[in-house]
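Undergrad: Below you will find the structure I want to go over with you.
The values are calculated or read from the model by the stated rules, or taken from the named source; none is laboratory data. Just so it is clear, the model here is predicted, and its values are computed rather than measured. Here the Cβ positions follow ideal geometry from the backbone for every residue, glycine too, while neighbour counts run over all protein chains shown.
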Amino acid sequence: MKEVILLLEDHSHRYYVLDDPQISDSEYDTLFQELLEIERLHPEWVTPESPSQRVGGAALDTFEQVEHRLPMLSLENAFTDADLHSFEDRLLRFLLTEDRPEYIAEPKLDGLAVELVYEHGLLVLGSTRGNGSIGEDITAQLRTVSSVPLRLRQTEFRRLEVRGEVFMDRQGFEELNRQREEEGEALFANPRNAAAGSLRQLDPKITAERPLRFFVYGIADSEDVECKTQLELFQLLKVLGLPVNSLAAPCHTMEEVISKFAELATLRHDLAYEIDGMVVKVNDFSLQARLGAKARAPRWAIACKFPAVQATTTLIKVDFQVGRTGAVTPVAILEPVDVGGVIVSRATLHNGDEIRRKDLRIGDTVLIQRAGDVIPEIVKAIHDKRDESAKPITMPLDCPVCSHPLLKLDAEVVTRCVNPHCPAQRLRTLVHFCSKAGLDIEGLGKKSIEQLFELNLIEDLPDIFSLERENLITLDGWGEKSADNALAGILAAKQPPLSRFLAALGIRYVGEVTATLLENTFGSLEKILAVTKDELLEVEGLGEQAAGSITDYFSDSSVQEMITAFQNVGVSPLIVEKKREDLLFSGEVFLFTGSLKKISRSEAKKLVKDNGGQIASGITQKMTCLVVGEKPGSKLKKSQEKGKKILSESDFLQVLDGAL
Ligand code: IVH
């Protein structure tokens, strides 16, 4: 077991720190599954530092405050070469010398500053910067970030306080926003906000699902370590297993710093993550110590900021788009303008609150920017330039497509069209159904679906399966080949795996993960159609929102008609059979009452499921066995009356043990 952990740690180190992976992702996965299997058989061997423990523990009620032993400072900014030269002049004056120091230049990562405390090599505390002196305890959240080591590769330091940046790379950010769009949730404006929103989650399980990354850039103080320079420190941090940004580079002179900055400015667009400048630090720690800090920032470092890619233009009008889940998103239509080499004519406004917060009006001169390469955004309206003709923007009361009254729930920022027959939603649902996130039907991309929808050749999902060759061949831009291609794709999609089919339907809050959970728990479409909200809430990993959304969806009569229509056109989702008959708890349906002492209830439920059993929602006909903890409730008496099997917690564990 130790060996598997060491191997996994070693591969993580190669991947995150040395940037030199030696096995593929799937080989890593296999090894990881092996660890899970060993830990399942021997739960007593699990340590908090095991790579399996990154899934996120119990949700917190609040974030505890953490006082930083040494304040986490910020940096002064330099915008021009002259600013950098005067930074150097100030250093020399302060040090009373003419010897110019050496520097180290590092990308300035655009994320969130965090502090990690390791004691004897183990991660014991992780916190946000907060106001610099007091931050918040986000240890549980940081433990889910794969590039944050839970254990250093050496244990010599009694206590080591390292600092660095948690961020989201572009791909992770885009994927997350794509998922959120699909599930009808508000989008994050940029990777920085997404990283901040993901870390500040009381429930670490949510953080665990977000693609966060980490780079270390320093330590709180260099007294305990014997390094003489920042460069040496980076060597040490790497040896300890902490990921250092590979673009950090020593510079002998300020001229070198300046040319490094120019280099980074061209390189930045090719990086997998966003940076907003370059941090320049005096390399020598003894000089750093002599220079010290002013109130908010050290004297030995400065941040060179990239000029923002911004421009001003006019807000011509606001369009309102209706998404698949009915979410109405305002989109700013702009007088086209060149922003850092890209012509921008639209920008998302996210929602009505954002329009109000920025006090935008039609006709305003607005400052827009491209945050990295991501969606252009309106930074602000230039109110001095506003004239009387500027018109306020009002969120529509009715759907711009179907005229159904829109709804804005208090808990949501999003305004929605709740008409299930809204053509905009239907079209988007059709597009989603055929897309990669759905059944991935080759030959039926967005453009084709739009065309077929406009010609009324498809109105609802099952119509896709009744399309005929003659319908397709005559379409604009289609020929025999593309028609046959699409028909082959449609035929192949008639027996999709159940989870894929469920995810393709476009039920709110049901993406790939939830769909797989449903397939694994209920096993057939029939069972899922009949499932109650309480039964769904029993499923580990399904929340209130998803459960409500699923039952609302399947209880809608038009959905039920649609399912029948699917059957009529020969669509039958397949269940990938799992060999579960010969497992310990096959055929058993467990219920728990009272508090368990040796394991948690969720662990107990997991053990049942892992061994082929099911969990009951209450004392039902199906339920076969009650496990009784301390202070059992009325379920005990009722189960006895109904003649169900009763096990104490230790009986239950013994039965399991016998099987191990
Ligand atoms: S050093 C004493 N190095 O920039 C200051 N900071 O404006 C220690 N940042 O809060 C900061 N990349 O979150 C340093 N390579 C880097 C950085 C970096 C990003 C952030 C950091 C800090 C902010 C200061």
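Undergrad: Taking the conditions exactly as written (more than 10 Å from the ligand (Cβ to nearest atom), out of contact with any Pro (no Cβ under 9 Å at 6 or more places or on another chain) and in contact (Cβ under 8 Å) with a residue 12 or more places away in the chain), does E67 satisfy them or not?
TA: yes
Undergrad: Now for a separate question. Could you list, in sequence order, the residues of the stretch 205-232 that are more than 15 Å from the ligand (Cβ to nearest atom) and under 12 Å from the mean Cα position of the chain (by Cα)?
TA: Within the stretch 205-232, K205, I206, T207, A208, E209, R210, P211 qualify.
Undergrad: Moving on. On the basis of being touching a Pro at 6+ places or on another chain (Cβ under 9 Å) and modelled with pLDDT of 90 or more, does S499 make the cut?
TA: Here the answer is yes, as S499 does meet what is asked.
Undergrad: Would you please list the contacts, defined by Cβ atoms under 8 Å and residues six or more apart or on different chains, that run from a residue in the stretch 72-101 that is aromatic (F, W, Y) to a residue that is away from the ligand (no atom under 16 Å from the Cβ)?
TA: Final answer for the pair search is F79/P307.
Undergrad: Show the residue pairs meeting these rules: Cβ distance below 9 Å; 6+ apart or different chains; first residue within the stretch 174-186 and over 14 Å from N351 (Cβ atoms); second residue polar (S, T, N, Q).
TA: These pairs meet every condition: L176/S198; E182/T325; E183/T325.
Undergrad: Follow-up question, since we're still on this one. Return the residues of the stretch 262-278 that are surrounded by 20 or more Cβ atoms within 10 Å (Cβ to Cβ) and of a type outside the set (D, E); say none if nothing qualifies.
TA: Scanning the stretch 262-278 gives L264, Y273, I275, G277, M278.
Undergrad: Quick one: count up the residues across the stretch 345-357 that are at pLDDT 90 or above and either part of a helix (DSSP H, G or I) or surrounded by 17 or more Cβ atoms within 10 Å (Cβ to Cβ) (or both).
TA: Residues flagged as at pLDDT 90 or above and either part of a helix (DSSP H, G or I) or surrounded by 17 or more Cβ atoms within 10 Å (Cβ to Cβ) (or both) within the stretch 345-357 amount to 4.
Undergrad: Here's a follow-up. Return yes when G643 is in contact with a strand residue (DSSP E or B) (Cβ under 8 Å, 6 or more places away or on another chain) and either exposed (fewer than 12 other Cβ atoms within 10 Å of the Cβ) or free of Cβ contacts under 8 Å to residues at least 40 places away in the same chain (or both) and no when it is not.
TA: For G643, the condition - in contact with a strand residue (DSSP E or B) (Cβ under 8 Å, 6 or more places away or on another chain) and either exposed (fewer than 12 other Cβ atoms within 10 Å of the Cβ) or free of Cβ contacts under 8 Å to residues at least 40 places away in the same chain (or both) - is not met.
Undergrad: I'm trying to understand the selection: among the residues of the stretch 174-221, which are surrounded by 19 or more Cβ atoms within 10 Å (Cβ to Cβ) and of a type in the set (K, R)?
TA: Across the stretch 174-221, the qualifying residues are R192, R210, R213.
Undergrad: Still on this model: Do you know which of the residues in the stretch 278-305 that are in contact with a Pro (Cβ under 8 Å, 6 or more places away or on another chain) and of a type outside the set (D, E, K, R) is nearest to G164 (Cα to Cα)?
TA: It comes out as V279.
Undergrad: Could I ask something else about it? Hey, any hits in the stretch 554-571 for a residue that's surrounded by 14 or more Cβ atoms within 10 Å (Cβ to Cβ), modelled with pLDDT under 90 and either outside any helix (DSSP H, G or I) or in contact with a strand residue (DSSP E or B) (Cβ under 6 Å, 6 or more places away or on another chain) (or both)?
TA: Checking the stretch 554-571: not a single residue is surrounded by 14 or more Cβ atoms within 10 Å (Cβ to Cβ), modelled with pLDDT under 90 and either outside any helix (DSSP H, G or I) or in contact with a strand residue (DSSP E or B) (Cβ under 6 Å, 6 or more places away or on another chain) (or both).
Yes/no matrix, rows are residues, columns are (1) over 30 Å from T312 (Cα atoms); (2) among the acidic types (D, E):
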| position | (1), (2) |
| --- | --- |
| E377 | no, yes |
| K380 | no, no |
| P405 | yes, no |
| V413 | no, no |
| Q425 | yes, no |
| F433 | yes, no |
| G438 | yes, no |
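Undergrad: Next question. Can you name the residue in the stretch 163-176 that is more than 16 Å from the ligand (Cβ to nearest atom) and closer than 22 Å to R14 by Cβ and is also modelled with the lowest pLDDT among such residues?
TA: Q171
Undergrad: Specify which of the listed residues (E39, E44, E88, E27) is crowded, with 16+ Cβ neighbours inside 10 Å, among the charged types (D, E, K, R), out of contact with any Leu (no Cβ under 9 Å at 6 or more places or on another chain) and more than 30 Å from R129 (Cα to Cα).
TA: Among E39, E44, E88, E27, only E39 is crowded, with 16+ Cβ neighbours inside 10 Å, among the charged types (D, E, K, R), out of contact with any Leu (no Cβ under 9 Å at 6 or more places or on another chain) and more than 30 Å from R129 (Cα to Cα).
Undergrad: Among the numbered criteria (1) surrounded by 14 or more Cβ atoms within 10 Å (Cβ to Cβ); (2) without any contact (Cβ under 8 Å) to a residue 24 or more places away in the chain; (3) among the charged types (D, E, K, R), which single criterion is violated by K527?
TA: All conditions pass for K527, except number (1).
Undergrad: Is the stretch 125-141 home to any residue that is away from the ligand (no atom under 15 Å from the Cβ) and part of a loop (DSSP other than H, G, I, E, B)?
TA: no
Undergrad: Looking at the stretch 499-513, is at least one residue in contact (Cβ under 8 Å) with a residue 24 or more places away in the chain and over 24 Å from the mean Cα position of the chain (by Cα)?
TA: no
Undergrad: Tell me the residue from D610, D657 that is within 38 Å of the chain's Cα centre (by Cα) and in contact (Cβ under 8 Å) with a residue 12 or more places away in the chain, please.
TA: Residue meeting the stated conditions: D610.
Undergrad: Just to be sure before I move on: is S448 surrounded by fewer than 17 Cβ atoms within 10 Å (Cβ to Cβ), over 21 Å from T329 (Cβ atoms), out of contact with any Asp or Glu (no Cβ under 6 Å at 6 or more places or on another chain) and touching a residue at least 12 places away in the same chain (Cβ under 8 Å) in the structure I sent?
TA: Spelling it out, it is not the case that S448 is surrounded by fewer than 17 Cβ atoms within 10 Å (Cβ to Cβ), over 21 Å from T329 (Cβ atoms), out of contact with any Asp or Glu (no Cβ under 6 Å at 6 or more places or on another chain) and touching a residue at least 12 places away in the same chain (Cβ under 8 Å).
Undergrad: Here's a follow-up. Answer yes if at least one residue in the stretch 407-420 is in a helix (DSSP H, G or I) and not aliphatic (A, V, I, L, M), and no otherwise.
TA: Taking every residue of the stretch 407-420 in turn, none turns out to be in a helix (DSSP H, G or I) and not aliphatic (A, V, I, L, M).
Undergrad: Any residue that is within 24 Å of L427 (Cα to Cα), among the hydroxyl-bearing types (S, T, Y) and part of a helix (DSSP H, G or I) - is there at least one of those in the stretch 530-550?
TA: Checked the stretch 530-550: at least one residue is within 24 Å of L427 (Cα to Cα), among the hydroxyl-bearing types (S, T, Y) and part of a helix (DSSP H, G or I).
Undergrad: Sort through L160, L150, L109 and tell me the only one that's in contact (Cβ under 8 Å) with a residue 40 or more places away in the chain and within 15 Å of the ligand (Cβ to nearest atom).
TA: None of the other options fit; the residue is L109.
Undergrad: Next up: Which one of A327, A295, A301 is modelled with pLDDT under 95 and surrounded by 19 or more Cβ atoms within 10 Å (Cβ to Cβ)?
TA: A327
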